[in-house]
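Chemist: There's a structure below that I have some questions on.
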Amino acid sequence: MTSIPEYMTEKHRECDDIFTEAESSVSAGNWELAQKQWREFSEELALHLEAEESILFPQFEQATGMTSGPTYVMRGEHEQMRALVADLDKALASEDKTQFLGLSETLMVLMQQHNMKEEMMLYPMTQQSIPDAENLAGVLKAHCEPS
Ligand SMILES: [Fe+2]
Ligand SMILES: [Fe+2]
């Protein structure tokens, strides 16, 4: 069975990969493909953020008693990501390459820093502190990959 850090880190990589593909398509001016890849990325990201906010963070908060620390910061960064994704949606809709690539660079840096904090600290701490970590990995998977 996959652990929480393994599963969630794998999802970060999947998001990064499809994000990079969408960026390349925009660079190449292939708007139709970019739209498709961008939709895939934003859906995947939305599910990931939701899974953290509604399942993983509450478990972390309950197990550690830290309710206004790391998860507060992570939730704030999620809001920044969502705002950037909304701006990127607009840049894509108007086929504005310069605008898109400027914003996507900002989002990439934000995501890298954010994901690093989760992977190095929040995910391992959750894995260690909750009694039924294996089950939680399954619940996260069910949320992120609805069949
Ligand atoms: Fe997150
Ligand atoms: Fe994450």
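Throughout, read-outs are computed from the coordinates displayed, never taken from laboratory work. The structure presented is a predicted model; accordingly, all values stated were derived computationally and were not measured. Cβ atoms come from the backbone with ideal geometry, glycine included; neighbour counts cover every protein chain shown.
Chemist: Looking at the chain, how many pairs of lysines come closer than 28 Å at the Cα, when each pair is eight or more places apart or spans two chains?
Modeler: The number of close lysine pairs in the chain is 9.
Chemist: Measuring from label point to label point, each 7 Å out along Cα→Cβ, what is the Arg82 to Arg39 span in nm?
Modeler: 2.2 nm
Chemist: In percent, how large is the relative contact order of the chain, given Cα pairs closer than 8 Å and 6 or more residues apart?
Modeler: Numbers: 107 pairs, mean separation 60.0, N = 147.
Reported relative contact order: 41 percent.
Chemist: Still on this structure, please answer the following. Give the separation of the Cα centroids, segment 1-47 to segment 52-124, in Å.
Modeler: If we compute the Cα centre of each part, the gap is 14 Å.
Chemist: Still on this structure: By its C-alpha gyration tensor, with a ≥ b ≥ c as the square roots of the eigenvalues, how is segment 103-147 shaped: rounded for a/c under 1.5, else prolate for a/b larger than b/c, else oblate? Walk me through the intermediate numbers first.
Modeler: On the way: a/c = 6.08, a/b = 1.53, b/c = 3.96.
It is oblate, given that a/c is not under 1.5 and a/b is not larger than b/c.
Chemist: Multiply the residue gap between Thr2 and Asn30 by 0.36 nm, knock off their C-alpha separation, and tell me the result in nm, one decimal place.
Modeler: Values: separation 28, 0.36 × 28 = 10.08 nm, distance 3.68 nm.
My answer for the length gained is 6.4 nm.
Chemist: Same structure, new question: Taking segment 1-76 as the region of interest, what is the percent of Cα-Cα pairs per 10 angstrom bin, listed from the shortest bin to the one with the maximum distance?
Modeler: 18, 37, 27, 14, 4
Chemist: If you don't mind, there's one more thing I want to ask. Sum up the charges of everything whose Cβ sits under 14 Å from the Cβ of Gln113, counting Lys and Arg as +1 and Asp and Glu as -1, but leave Gln113 out. Please report the intermediate quantities before stating the final value.
Modeler: Working: positive: Lys117; negative: Asp16, Glu77, Glu105, Glu118, Glu119.
Net charge around Gln113: -4.
Chemist: Through the Karplus equation 6.51 cos²θ - 1.76 cosθ + 1.60, θ set to phi - 60°, convert the phi angles of segment 39-53 into ³J(HN,Hα) values in whole Hz; use x for Gly and Pro.
Modeler: 4, 4, 4, 5, 5, 4, 5, 4, 5, 5, 5, 4, 4, 5, 5
Chemist: Which value, to two decimals, describes the C-alpha radius of gyration of the chain once divided by 2.2 N^0.38 Å? Provide the component values of the computation, followed by the final result.
Modeler: Values: Rg = 16.1 Å, N = 147, 2.2 N^0.38 = 14.7 Å.
Taking N as the residue count of the chain, the ratio is 1.10.
Chemist: Let me ask something additional. Work out, step by step, the length gained on full extension between Thr9 and Met108: first 0.36 nm times the residue separation, then minus their alpha carbon distance; give nm to one decimal. Walk me through the numbers on the way to the answer.
Modeler: Values: separation 99, 0.36 × 99 = 35.64 nm, distance 1.57 nm.
Stretched fully, the Thr9-Met108 segment lengthens by 34.1 nm.
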